[in-house]
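Q: One structure follows; several queries about it will come next.
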Amino acid sequence: MSTTESTPVAAPAPKRRLRDRIPVVHQLRQSVGLQRGMLITGLVVTAIFILTAIFAPLLAPYGFAQLRDADGPFGSQQPPSAEHPFGTTVGGYDVLSRTIWGAQTAILVIIIAVILSIFAGVLLGLLSGYFGGWLDRLLVVVCDAIYAFPSLLLAIVMAIAISGGQSNLWGGVLAAALSITVVFIPQYFRVIRAETVRIKAEAFVESAKVLGASNSRIMFRHVLRNATRTLPLIFTLNSSEAILTLAGLGFLGFGIEPTAAAEWGYDLNKALSDVTSGIWWTALYPGLAIVLVVLGITLVGESLNDLADPRLRGRRRVAQSAGVVAETSVVPGGTLTAGPGGLAGLEDEATFDEHGIEVKP
């Protein structure tokens, strides 16, 4: 009886769709269980915060510094009502409007502070880690000194030095953003420098040097793209820290004036005396906004951090794990498949009938 031989064919590698290449979407599809719930919750809260900041002029019933409408002044410390759902502050501002407008101020500070600190920290870390020498020692000492300094105290000093008594919107936002930038630069510097020191010793960097590539080409084309993989994680965690630093500056009186922009920390500072008098609405909503936004961004950052570390990832379902193991065979030519006789049938080249019984030639 003749035997039929079949050549195993390797299954083609599945192509990644465009949506799977988006970082957050890829991690969302990768997460399971509680980890997925944390990531979805953080994304929803963060999306609400961003949309509120973008559409603040449409969502807020009044301006952030508005004290009256067609019916007259709002009144000071008015309880929640139909006209003012969150009540009014001691200065006569609408709490709901200032809470919504505060999201816009917070996101402006986050964008300016984090982007500036990323550019400065990444560039300094890349130069320091690649060239080394006296430049590396000097930058490490300076950044370690800044990093060891209390961040809020450093932000206060920088805010006083930068603002120069300015109380307008962009003067206050830039003062807060630049003060936070100085605090964040050492974090990006240390991460990028450590990755650059590791990557520049790899074989592909040595090959690029042998081929005559310039230092700038090696740094920005080969080293940089491999050293910035953890930046999205640091970006999310630093965004929440920027909100807390901005709120701390405003709470201590170094933030933005109420006539220039709405700021949650400033509103909390003015609501301290209200809490002892039983007026709870002036402090509840700005404080709740800070807590929810920081919680949402932190959940996104911690979830991305867990998914980036294989040791911290949640286990896959048993069925999915079994499928992955079956598809990752090391047998040349594709997945190893055995006939009814098992591996012995493959080794002995025996033939079997439809019931799995060996047929002697």
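Only the coordinates and a few stated rules stand behind these numbers; no lab work does. Quick caveat: nothing in here was measured; it's all calculated off a predicted structure. When we count neighbours, we look across all protein chains shown, and the Cβ atoms used for this are built from the backbone with ideal geometry, even at glycine.
Q: Can you list the residues, at least 5 places off or on another chain, whose amide H is less than 5 Å from the amide H of THR88, using H built in the peptide plane?
A: Those qualifying (amide H under 5 Å, at least 5 residues apart or on another chain) are GLN77, GLN78, VAL95.
Q: Here's a follow-up. Where does each of THR282, THR196, THR228 land when they are ranked from fewest to most other beta-carbon atoms within 10 angstrom?
A: Fewest to most other Cβ atoms nearby, the residues stand as THR228, THR196, THR282.
Q: Tell me which trypsin sites (Lys or Arg not before Pro) from region 54-156 have a DSSP coil assignment and no more than 16 other beta carbons within 10 Å of their own.
A: none
Q: Semi-axes of the equivalent ellipsoid of region 65-217: what are they in whole Å, largest first, if each equals the square root of 5 times a C-alpha gyration tensor eigenvalue?
A: Semi-axes from the Cα gyration tensor: 48, 17, 12 Å.
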